[in-house]
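Read the structure below first, then the notes.
Readers should treat all values here as calculations from the given coordinates under stated rules, not as data from a laboratory. Small disclaimer: the values here were computed from a predicted structure and weren't measured. FYI the Cβ positions are ideal-geometry reconstructions off the backbone, even for glycines, and counts take in every protein chain you see.
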């Protein structure tokens, strides 16, 4: 297993295809949620990817402050089905948060969480900052992490 951090322009065609396929498999097909997965934020994002040989095990998308939100943000957090239950979500989130804090020198990170994951994100230090709302027909909340 190996972690990769790449900007959009550093991704090969094959890597971009794998990344988009994994996101569509999880967020569109598995969650039965037709929504515009390709949203024009990937080009300004940094993609943090965990691979097992050539297979994507987990990934997150990091967006700089001032792009989608005023704060830096983490989104498109996923672990592919075969790799669930091994702590990869927590591991990649911790690495992504450290990257944003250390490399981008950001003291706040925002995310839009599916409501059922509130406890998981809270365990990473995120605090709920919104009421529940529907995003693509799935209950979500906004959360923020702030450096101490």
Of all residues in region 1-14, which are out of contact with any helix residue (DSSP H, G or I) (no Cβ under 9 Å at 6 or more places or on another chain) and within 12 Å of residue 59 (Cα to Cα)?
2
Out of the strands (runs of 3 or more DSSP E) lying entirely within region 1-81, which hold 3 or more residues that are under 24 Å from residue 115 (Cβ atoms)?
55-63, 72-79
Within region 97-117, can you find the residues that are free of Cβ contacts under 8 Å to residues at least 60 places away in the same chain, more than 15 Å from residue 68 (Cβ to Cβ) and part of a helix (DSSP H, G or I)?
97, 98, 101, 102, 103, 115, 116, 117
What are the pairs with Cβ atoms under 6 angstrom where one residue, in region 1-20, is without any contact (Cβ under 8 Å) to a residue 60 or more places away in the chain and at negative phi and the other, located anywhere, is assigned to a helix (DSSP H, G or I) and surrounded by 15 or more Cβ atoms within 10 Å (Cβ to Cβ)? Sequence gap at least six, or different chains.
8/42
On the given criteria, is residue 74 surrounded by 21 or more Cβ atoms within 10 Å (Cβ to Cβ) and in contact (Cβ under 8 Å) with a residue 60 or more places away in the chain?
no
